[in-house]
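Q: Dropping a structure here in structure tokens format, bear with me for questions.
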């Protein structure tokens, strides 16, 4: 199950359920680069709905556009908000100085985060193999056992479906993980190294129902969510985001880990999608969706009350481990 708990496309309302970060739905949404429904419902997912998200609508990541890609912007980019440009350029410089991970083929990428949704905050831990033929693992604060991630193994998926049909997920035995998987590589590779070209890439590879500028901004978060993004690529992504018009700044934003930062974001149909950065170092902290407060931008079907946080994540740690289930020192 490569897409153990991917978020839906980061389309903003009309439907509040489209904002849910999925929590292991019975039909799993594949990557944005191939926007189609999963081929079969996975009843096993309902038994462990609290596991949260495994992958973003992220890319696989070759630079091939998905079905029905958006056309890239033509001509020079419109003027962007100066304060947002400053924050994102500072974030770009901070990202460039980040550590580079060099895992061995037999190791795992480890992602730790806190996820807030529907009034609940959960600690999420995920292990994804460098060798995609191995199984990954996802655990959260409410599910001690967790769930294996093993796409491409039909026998394993049939076992998973059968267990879900009776309301019991397949137990996780760390000594005997499923084998012969066909999981997705969580490394982000092959993206442009130039900010102007990265901006064009964001528009070409954005798939969703939002306007092009909003969707391109949303794609930044989708690309980096629970993925290993090398520092130079992350730096260029933030520099490209600084060239998207309409992005504005919100200060004093708090993430689910209690950290206060500065957010940049875009509002559409009453909901603002934000990327959050440390106000001092401009390191990336996470993201959130919050109901807008400007009455002129709130349609009647906008979800929630003004200022209500619909979803938020705090990225706590990205590391490398020797095995699934191991907590880095």
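Every number in this text was worked out from the coordinates using simple rules, so none of it is lab data. Computed from a predicted structure; not experimentally measured. For neighbour counting, all protein chains shown are included, and Cβ atoms are generated from backbone atoms with ideal geometry for every residue, glycine included.
Q: In whole Å, how far is the Cα centre of region 151-189 from that of region 98-144?
A: 15
Q: Efficiency by 1/(1 + (r/R0)^6): what FRET value for residue 175 and residue 118, r their Cβ-Cβ distance, R0 = 30 Å, to the nearest 0.05?
A: Efficiency for this residue pair is about 0.30.
Q: Pulled fully out, how much extra length does the chain show between residue 159 and residue 145, if you take 0.36 nm times their separation in residues and subtract their Cα-Cα distance? Kindly include the intermediate steps, with their values, before the conclusion.
A: Details: separation 14, 0.36 × 14 = 5.04 nm, distance 1.69 nm.
Working it through step by step, the gained length comes to 3.3 nm.
Q: Between residue 281 and residue 250, what length in nm is gained on full extension when 0.36 nm per residue of separation is reduced by their alpha carbon distance?
A: 9.5 nm is the gain from fully extending residue 281 to residue 250.
Q: Compute for region 176-311: radius of gyration divided by Kirkwood radius, i.e. Rg/Rh, restricted to C-alpha atoms, rounded to two decimals.
A: 1.01
Q: Round to the nearest 0.05 the FRET efficiency obtained for residue 329 and residue 97 when R0 = 25 Å and r is the Cβ-Cβ distance.
A: Here the calculated transfer efficiency is 0.65.
Q: What is the mean projected area of the alpha carbon convex hull for region 146-231, to one decimal in square nanometres?
A: Hull-based average projected area comes out at 8.4 nm².
Q: State the three equivalent ellipsoid semi-axes of region 184-245, derived from the C-alpha gyration tensor as the square roots of 5 times its eigenvalues, in descending order and whole Å.
A: Each semi-axis is √(5λ); the values are 18, 14, 9 Å.
Q: For residue 166 and residue 104 in one chain, what is 0.36 nm times their gap in residues minus the Cα-Cα distance, to one decimal in nm?
A: In short, 18.5 nm is gained.
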